[in-house]
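Worksheet for the structure shown next.
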Amino acid sequence: MKKLVIAVVQDKDSSRLSDALVKQNLRATKLASTGSFLKSGNTTFMIGVEEDRVDSVLKLIQDNCRSRKQIMSPITSMGTNAEGYVPYPVEVEVGGATVFVLPVDQFLQF
Amino acid sequence: MKKLVIAVVQDKDSSRLSDALVKQNLRATKLASTGSFLKSGNTTFMIGVEEDRVDSVLKLIQDNCRSRKQIMSPITSMGTNAEGYVPYPVEVEVGGATVFVLPVDQFLQF
Amino acid sequence: MKKLVIAVVQDKDSSRLSDALVKQNLRATKLASTGSFLKSGNTTFMIGVEEDRVDSVLKLIQDNCRSRKQIMSPITSMGTNAEGYVPYPVEVEVGGATVFVLPVDQFLQF
Ligand code: NI
Ligand code: NI
Ligand code: NI
């Protein structure tokens, strides 16, 4: 039996998750998406997997996308965006993933 | 138990629905989409909700996106598109939503 | 009972599938997507159908998107991309579709 894993992750973590999935030989389809809370862009992954591999896919998503604190230094801020300039390092929350595992009636490849 | 509500709505109603969801503290992921009948752009919302809140989400979608008649005046038509010019007010159908409520095996947030 | 058919197809086959669906009076929503294996763009179709029409939708997808060999002549290659130039005709694999049929708890139209 197949399951369809739908994972919404920050753009920041998207290519890292893609690479990790490819290494495990897992195929994914990516859709550009946005959140209605956070305005920033995110990516929606659709991954079809056998039921017995769902847990390892979930672990892969968690390992590559989990919400974590990151120190943002003044230099970094200046480099990317003048308006975001802060004169001292700050801790910001980045990453995080929202994941749905859906039942699948039929899975086919043509 | 969670459900995944997938709602396809007209771009016209998209930001209003977003605002209404935020007010109810409901998170949504938005995907740009198009219909194969109507060529115009629409937006696909994915909303994860507890089973007992599904009905209120459906009502929210209906309230903000339902198909309705709208009077389109010559001035409006001219302003947006010269080819769409009509010399008298016409009633057009706008809005509408197509909604799927899907069962969810697992819901996780990392 | 409705089912939600999610089909990921190559951009190359997308408009042909759209046309075939319209001819059968089947509504679809299209989302731009990319694969993490093949970098090329693809299109994700979401099609809501009655259970008893699922098989005919699957056949339609297979007929219009199935993986097949195509002869790519030097002329064609030169015309589209100088780097892809090959001095003799080559056989390449094009098309293919990945399809999920999902159970639906509720289907509504507003
Ligand atoms: Ni299986
Ligand atoms: Ni629950
Ligand atoms: Ni039915």
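FYI, it's all coordinate maths here, none of it is from the lab. Keep in mind it's a predicted model, so treat the numbers as computed, not measured. FYI the Cβ positions are ideal-geometry reconstructions off the backbone, even for glycines, and counts take in every protein chain you see.
Some observations on this one:
- For the stretch A:86-101 versus the stretch B:1-45, the spacing of their alpha-carbon centroids is 25 Å.
- The label-point distance for residue C:24 and residue B:50, in a model that sets each label 7 Å from Cα toward Cβ, rounds to 4.0 nm.
- Applying D = kT/(6 pi eta Rh) to the stretch B:1-43, where Rh is the Kirkwood radius over alpha-carbon pairs, T corresponds to 25 °C and eta to 0.890 mPa s, the Stokes-Einstein value obtained is 215 µm²/s.
- Copies compared at residue C:11 - label distances in nm, ascending, label defined 7 Å from Cα in the Cβ direction: 1.8, 1.8
- Distances, shortest first, from the label point of residue A:92 to those at the same position in the other copies read 4.0, 4.0 nm; the point lies 7 Å along Cα to C-beta.
- Cross-link partners of residue B:69 among aspartates and glutamates (Cα-Cα below 18 Å; sequence separation of 8 or more within a chain): B:11, B:13, B:91, B:93
- Amide H contacts for residue C:67 (H built 1.01 Å from N in the peptide plane; partners 5 or more residues away or on another chain; cut-off under 5 Å): C:96, C:97.
- Members of B:12/B:59; A:23/C:12; A:23/C:59; B:30/C:3 lying beyond 24 Å, as alpha-carbon distances in this model show: A:23/C:12; A:23/C:59
- Neighbour net charge for residue A:66 - beta-carbon separation under 13 angstrom, K R +1, D E -1: +2
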